[in-house]
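A.B. asks: Next up is a structure, given as structure tokens.
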Amino acid sequence: MLPVGVEGPLDARVWPDLDALGNPGLAVAVKAGFRVGDTVLLRLDEQAPALEVAERCPGDPAERAPLCAPECVPFKQGCDCLLHGAVQPPPGRSQALASLGVEDAGGRPRLAPKRVWAVGEPPLSGHGPPRPLVEPVPLSYELAYGGPPGGPRHRRYARNPAGRGHRAAWLGAAAGPRPRLFWDGGRPTRRGAPAGFGPLAAAWAPRARRFGRLDPDAYRLGHLRYRRLPRRDAWNAAPADQRLDAPLRGGERIRLQGVVPGADPRRTVTWQLPGGGPQATLRGPGRGRRVPVYADTLNIDAESARVWVVWRGWLAGPPPGAGWALRIDAEGIGGVA
């Protein structure tokens, strides 16, 4: 395997894989973390983050929403924008708004603001308006339309089997709790999609139909080869309305409303990514060449006021011979002290 050297508070991995066209090569993933400082400009976190090598889920993916999506994947289409946190309750209200938007460095929208509403629990009688919000409402697909957990698999809502409120017609079905996360206008779904900002599980529809199929005979011989090619968005874990059409360019402004603890839930909070990105260089005996990497994952944790960015690159063909190594450093990221 190609040795990797990392300079700066980054995590990086290189592994053999196949690109979207089935060509073999080495995939490169680099991750950096950013923190909120005294200004809107995010600063590079001195603590190196860890790349997520697999989907993390607190239970059966058929019944629980993933906590995170894998970041060591060979390719993505555009850029995933993911948001984790909770909807902050305004005083005395029974509903609250959460919103996520992304603009370029010049203030032009790259991701139109996505809005999701959280509502209070229904009254104990089960009838009437929801109760006022007291605690923050987690932005979890368990509280969006879907489910029912524990029911027969073929009766679950394929786009969100972890949710609540989906009532399939089978004998003995219980009523179950109602959803608490909705789209504008109180709609439980939009084009079938549940309300939320987090990653979708690979086993949920429609992601489950995007992946290709490896050639089992070639795999047994130690070769990677597709029998059926995947879609180019196979590894995109964000909902379709949370994807940029191209990777991050640097300097983007993240606009959040209703999800930052301590902030006025009626006002927009703005964080700005620094410019630039990490430098990846393939170095060999007496020579070297730059390996382009592109930022295709933006992960936002509103509660901890932290942001993570993942850059991805590709080395086509067989691995370089002995004496070659990949060096990753953070000198190209703006805001490095």
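A.B. asks: Scan region 79-114 residue by residue and report those that are basic (Lys, Arg), over 16 Å from Trp271 (Cα atoms) and either assigned to a strand (DSSP E or B) or without any contact (Cβ under 8 Å) to a residue 40 or more places away in the chain (or both). Let's see the steps before the verdict.
C.D. replies: Restricting attention to region 79-114, the residues satisfying the condition of being basic (Lys, Arg) are 93, 108, 110, 114.
Right, trim to over 16 Å from Trp271 (Cα atoms) and you get 93, 114.
The answer is Lys114, and nothing else.
A.B. asks: Restricting the search to region 309-337, which residues are more than 17 Å from Gln279 (Cα to Cα) and in a strand (DSSP E or B)?
C.D. replies: Passing the criteria: only Ala316.
A.B. asks: Can you find even one residue in region 315-331 that is surrounded by 15 or more Cβ atoms within 10 Å (Cβ to Cβ) and either under 21 Å from the mean Cα position of the chain (by Cα) or free of Cβ contacts under 8 Å to residues at least 12 places away in the same chain (or both)?
C.D. replies: Initially, region 315-331 is screened for residues surrounded by 15 or more Cβ atoms within 10 Å (Cβ to Cβ), giving 315, 320, 324-330.
In the following step, the residues that additionally are either under 21 Å from the mean Cα position of the chain (by Cα) or free of Cβ contacts under 8 Å to residues at least 12 places away in the same chain (or both) were identified as none.
No: region 315-331 contains no residue that is surrounded by 15 or more Cβ atoms within 10 Å (Cβ to Cβ) and either under 21 Å from the mean Cα position of the chain (by Cα) or free of Cβ contacts under 8 Å to residues at least 12 places away in the same chain (or both).
A.B. asks: Which of the residues that make up region 1-56 are without any contact (Cβ under 8 Å) to a residue 60 or more places away in the chain, among the charged types (D, E, K, R) and farther than 30 Å from Asp215 by Cβ?
C.D. replies: Within region 1-56, the first condition is being without any contact (Cβ under 8 Å) to a residue 60 or more places away in the chain, and the residues that meet it are 11, 13, 15, 37-39, 46-48, 50, 52-54, 56.
Subset that is among the charged types (D, E, K, R): 11, 13, 38, 46, 52, 56.
The answer is Asp11, Asp38, Glu46.
A.B. asks: Here is a check on your reading of the model: is Val269 modelled with pLDDT of 95 or more, of a type in the set (A, V, I, L, M, F, W, C), part of a loop (DSSP other than H, G, I, E, B) and more than 14 Å from the chain's Cα centre (by Cα)? Break it down stepwise before answering.
C.D. replies: Numbers: modelled with pLDDT of 95 or more: yes; of a type in the set (A, V, I, L, M, F, W, C): yes; part of a loop (DSSP other than H, G, I, E, B): no; more than 14 Å from the chain's Cα centre (by Cα): yes.
No.
A.B. asks: Please count how many residues of region 31-67 are aliphatic (A, V, I, L, M), in a loop (DSSP other than H, G, I, E, B) and more than 24 Å from Arg159 (Cα to Cα). Give the steps one after another, and end with the answer.
C.D. replies: If we filter region 31-67 for residues that are aliphatic (A, V, I, L, M), which is where we start, we get 32, 36, 40-42, 44, 48, 50-51, 53-54, 62, 65, 67.
If we keep only those that are in a loop (DSSP other than H, G, I, E, B) too, we end up with 36, 40, 42, 48, 50-51, 53-54, 62, 65, 67.
Okay, now just the ones that are also more than 24 Å from Arg159 (Cα to Cα), so 36, 40, 42, 48, 50-51.
Matching residues across region 31-67 total 6.
A.B. asks: Identify, from the list Val116, Val102, Val73, Val87, the residue that is more than 16 Å from the chain's Cα centre (by Cα), within 29 Å of Arg312 (Cβ to Cβ) and buried (at least 18 other Cβ atoms within 10 Å of the Cβ). Quick ask: steps written out before the conclusion?
C.D. replies: Working: Val102 fails: more than 16 Å from the chain's Cα centre (by Cα); Val73 fails: more than 16 Å from the chain's Cα centre (by Cα); Val87 fails: within 29 Å of Arg312 (Cβ to Cβ).
Checking each option against the conditions leaves just Val116.
A.B. asks: Still on this model: Keeping to region 216-236, report how many residues are closer than 27 Å to Asn299 by Cβ and either in contact with a strand residue (DSSP E or B) (Cβ under 6 Å, 6 or more places away or on another chain) or basic (Lys, Arg) (or both). Spell out the reasoning first.
C.D. replies: Going through region 216-236, the residues closer than 27 Å to Asn299 by Cβ turn out to be 230-236.
Pick out the ones that are also either in contact with a strand residue (DSSP E or B) (Cβ under 6 Å, 6 or more places away or on another chain) or basic (Lys, Arg) (or both) and you get 231-232, 236.
Count: 3.
A.B. asks: Still on this model: Which count do you get for residues in region 126-166 that are buried (at least 21 other Cβ atoms within 10 Å of the Cβ) and either without any contact (Cβ under 8 Å) to a residue 60 or more places away in the chain or assigned to a loop (DSSP other than H, G, I, E, B) (or both)?
C.D. replies: 19
A.B. asks: Any idea which residue in region 275-291 is surrounded by the most Cβ atoms within 10 Å (Cβ to Cβ), counting only those that are part of a strand (DSSP E or B) and either free of Cβ contacts under 8 Å to residues at least 40 places away in the same chain or within 24 Å of the chain's Cα centre (by Cα) (or both)?
C.D. replies: Our first condition is that a residue be part of a strand (DSSP E or B); within region 275-291, this holds for 275-276, 279-284, 287-290.
Right, trim to either free of Cβ contacts under 8 Å to residues at least 40 places away in the same chain or within 24 Å of the chain's Cα centre (by Cα) (or both) and you get 275-276, 279-280, 287-290.
Numbers: Gly275: 15, Gly276: 16, Gln279: 18, Ala280: 23, Arg287: 8, Gly288: 14, Arg289: 10, Arg290: 10.
Among those residues, the one meeting the criterion is Ala280.
A.B. asks: Please enumerate the residues belonging to region 119-157 that are in contact with a Leu (Cβ under 6 Å, 6 or more places away or on another chain) and of a type in the set (Gly, Ala, Ser).
C.D. replies: Step one: of region 119-157, the residues in contact with a Leu (Cβ under 6 Å, 6 or more places away or on another chain) are 120, 143-144.
Residues satisfying the conditions are Gly120, Ala144.
A.B. asks: Right, something else. Going residue by residue through region 292-306, is there one that turns out to be in contact with a Leu (Cβ under 8 Å, 6 or more places away or on another chain), in a loop (DSSP other than H, G, I, E, B) and not acidic (Asp, Glu)?
C.D. replies: Yes, region 292-306 contains a residue that is in contact with a Leu (Cβ under 8 Å, 6 or more places away or on another chain), in a loop (DSSP other than H, G, I, E, B) and not acidic (Asp, Glu).
A.B. asks: Now a separate question. For Trp15, only one of the following conditions fails: (1) closer than 23 Å to Arg228 by Cβ; (2) part of a loop (DSSP other than H, G, I, E, B). What is its number?
C.D. replies: Of (1) closer than 23 Å to Arg228 by Cβ; (2) part of a loop (DSSP other than H, G, I, E, B), only one is false for Trp15: (2).
A.B. asks: Which residues, taken from region 194-215, are within 20 Å of Asn299 (Cα to Cα) and of a type in the set (A, V, I, L, M)?
C.D. replies: The answer is Ala195, Leu200, Ala201, Ala202.
The values are calculated or read from the model by the stated rules, or taken from the named source; none is laboratory data. From a predicted model like this one, the values you see are computed outputs, not experimental measurements. When we count neighbours, we look across all protein chains shown, and the Cβ atoms used for this are built from the backbone with ideal geometry, even at glycine.
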